[in-house]
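Novice: Here it is, the structure, as structure tokens.
The values are calculated or read from the model by the stated rules, or taken from the named source; none is laboratory data. Predicted, not measured: the structure shown is a model, and the values here were computed from it. Note: ideal-geometry Cβ built from the backbone for every residue, glycine included; neighbour counts use all protein chains shown.
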Amino acid sequence: MICVALGAGLGLLAWAAAAEPAPACPPPLPAQAGTAPERDRGLLWRVTRDGRSSWLYGTLHVGKPAWRRFGPQVAAALRASDVLALEIDPADPALLAALAELHPNSLLPETLQARLDQAYARACLSRDAMATLHPVLQATTLTVLEARWLGMDPAYAMEQLLAGQVRANGRRVVSLETAAQQKAVLVPEDPVEALSVVEQSLAQLEDRSARRVIERLAQAWEAGDLAALEDYASWCECASTAADKAYMRKLNDERNGPLAAGIEAQHRQGRRVFAAVGALHMTGAQSLPRLLEQRGFRVERVHFKR
């Protein structure tokens with residue numbers, strides 16, 4: 001179920017008796033974008049009200065170095081905006097402080113800790129790298145880092161790239177959610193539910209379903225394939241039980257109302273907003289485009305040349 005975090009937006013990880021030998025580490029990414037062509041990726045909407053247009057952009061929380069080169073339509077929308085609105089600013093000190101406060105109530109069961117240690121080994125990471133984080137955050141981070149095997153990395157997430165460009169141009173970055181809201185979404189308060197999230201995340205890493213889903217999600221996002229994203233629950237290998245579906249609603253649908261309210265509040269203050277949030281927030285009956293339309297915006301999909 002953690003793979004949904006790549007598209008829904010979270011701003012930020014022993015089956016066998018014998019340990020599996022660690023495979024080769026993920027290949028390093030090129031440091032520069034090189035000569036990659038400028039190309040529009042993802043999903044973009046123009047949202048207009050009060051004689052002023054803002055923008056809604058569906059993102060992916062990992063990326064490739066080549067994706068630094070925004071396409072002409074995304075770049076033009078960004079230039080036409082006064083403020084970049086993210087789910088939460090990854091540079092916000094309050095977020096880092098909030099995550100640092102999340103400690104497990106007790107140690108993981110021995111077998112689960114052994115599986116977590118094996119996941120670190122497969123990722124070519126020392127368990128000390130994230131030892132102070134809650135186990136749910138460790139499992140989530142390891143799942144996101146699985147994208148490295150596919151040539152992607154969270155360092156090139158669209159939010160990071162957009163924020164870097166906006167700040168370089170002297171414009172503001174604002175958060176649509178608070179650190180407390182992110183905490184509530186990231187780590188279940190119920191210890192039993194938290195253990196279940198860790199267990200399922202590790203299972204997805206062990207059977208490589210996490211990698212399969214990340215690859216398909218990235219392909220759908222890059223192609224702007226909204227239909228495939230709408231059908232996410234049928235192929236994510238993460239929605240087989242009522243508990244899975246409830247967790248997905250918590251990560252995605254239940255956050256859309258407050259996110260829409262935050263975008264509207266920024267626009268109402270006279271700002272032209274470029275709101276960049278996880279692409280899965282653009283899907284379902286409570287999608288952000290639908291909610292903004294209900295709030296009186298004229299919502300138009302911007303179709304990219306492919």
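Novice: Taking GLU193 as meeting all but one of (1) part of a helix (DSSP H, G or I); (2) out of contact with any helix residue (DSSP H, G or I) (no Cβ under 7 Å at 6 or more places or on another chain); (3) under 30 Å from HIS303 (Cα atoms), write down the number of the exception.
Specialist: GLU193 satisfies all of (1) part of a helix (DSSP H, G or I); (2) out of contact with any helix residue (DSSP H, G or I) (no Cβ under 7 Å at 6 or more places or on another chain); (3) under 30 Å from HIS303 (Cα atoms) except (3).
Novice: State all residues of region 293-306 that are in contact with a Phe, Trp or Tyr (Cβ under 8 Å, 6 or more places away or on another chain) and not basic (Lys, Arg); if no residue qualifies, say none. Even if it seems obvious, please write down each step before you answer.
Specialist: Residues of region 293-306 in contact with a Phe, Trp or Tyr (Cβ under 8 Å, 6 or more places away or on another chain): 299-302.
Hits for region 293-306 are VAL299, GLU300, VAL302.
Novice: So, ARG68, is that one surrounded by fewer than 24 Cβ atoms within 10 Å (Cβ to Cβ), at pLDDT below 95 and out of contact with any strand residue (DSSP E or B) (no Cβ under 6 Å at 6 or more places or on another chain) or not? Walk me through how you get there before you give the answer.
Specialist: Numbers: surrounded by fewer than 24 Cβ atoms within 10 Å (Cβ to Cβ): yes; at pLDDT below 95: yes; out of contact with any strand residue (DSSP E or B) (no Cβ under 6 Å at 6 or more places or on another chain): yes.
The answer is yes for ARG68.
Novice: Could you grab me the full set of residues in region 166-181 that are in contact with a helix residue (DSSP H, G or I) (Cβ under 7 Å, 6 or more places away or on another chain) and at pLDDT below 85?
Specialist: Those that are in contact with a helix residue (DSSP H, G or I) (Cβ under 7 Å, 6 or more places away or on another chain) and at pLDDT below 85: ALA179, ALA180.
Novice: Working carefully through the options SER81, SER106, find the one that is of a type in the set (Ser, Thr, Tyr) and at pLDDT 95 or above.
Specialist: Working: SER106 fails: at pLDDT 95 or above.
Going through SER81, SER106 in turn, just one is of a type in the set (Ser, Thr, Tyr) and at pLDDT 95 or above: SER81.
Novice: Something else about it: Hey, does region 211-224 have a residue that's in contact with a Ser or Thr (Cβ under 9 Å, 6 or more places away or on another chain), at pLDDT 90 or above and part of a helix (DSSP H, G or I)? Spell out how you get there, then give the answer.
Specialist: Filtering region 211-224 down to residues in contact with a Ser or Thr (Cβ under 9 Å, 6 or more places away or on another chain) leaves 214, 221.
This time we only want the ones that are at pLDDT 90 or above, so: 214, 221.
Narrowing further to those that are part of a helix (DSSP H, G or I): 214, 221.
Yes, there is a match, as at least one residue in region 211-224 is in contact with a Ser or Thr (Cβ under 9 Å, 6 or more places away or on another chain), at pLDDT 90 or above and part of a helix (DSSP H, G or I).
Novice: So which of GLU254, GLU293 ends up being assigned to a helix (DSSP H, G or I), over 15 Å from the mean Cα position of the chain (by Cα), among the acidic types (Asp, Glu) and within 20 Å of ASP50 (Cβ to Cβ)?
Specialist: Values: GLU254 fails: within 20 Å of ASP50 (Cβ to Cβ).
Result of the check over GLU254, GLU293: GLU293.
Novice: Take the residues of region 50-62 that are crowded, with 19+ Cβ neighbours inside 10 Å and in contact with a strand residue (DSSP E or B) (Cβ under 7 Å, 6 or more places away or on another chain): which is nearest to ALA260 (Cα to Cα)?
Specialist: First, pick out the residues of region 50-62 that are crowded, with 19+ Cβ neighbours inside 10 Å: 54-62.
Now restrict to residues that are in contact with a strand residue (DSSP E or B) (Cβ under 7 Å, 6 or more places away or on another chain): 54-59, 61-62.
Working: SER54: 12, TRP55: 12, LEU56: 10, TYR57: 13, GLY58: 13, THR59: 16, HIS61: 19, VAL62: 23 Å.
Looking at residues that are crowded, with 19+ Cβ neighbours inside 10 Å and in contact with a strand residue (DSSP E or B) (Cβ under 7 Å, 6 or more places away or on another chain), I get LEU56.
Novice: To continue, here is another question. Given ALA184, ALA155, ALA203, which one is small (Gly, Ala, Ser), at pLDDT 90 or above and either exposed (fewer than 15 other Cβ atoms within 10 Å of the Cβ) or in a helix (DSSP H, G or I) (or both)? Explain how you work it out, then say what you get.
Specialist: Working: ALA184 fails: at pLDDT 90 or above; ALA155 fails: at pLDDT 90 or above.
Exactly one residue qualifies, and that residue is ALA203.
Novice: Since ALA276 meets every condition but one in (1) assigned to a loop (DSSP other than H, G, I, E, B); (2) at pLDDT 95 or above; (3) within 26 Å of PRO37 (Cα to Cα), which condition does it not meet?
Specialist: (1)
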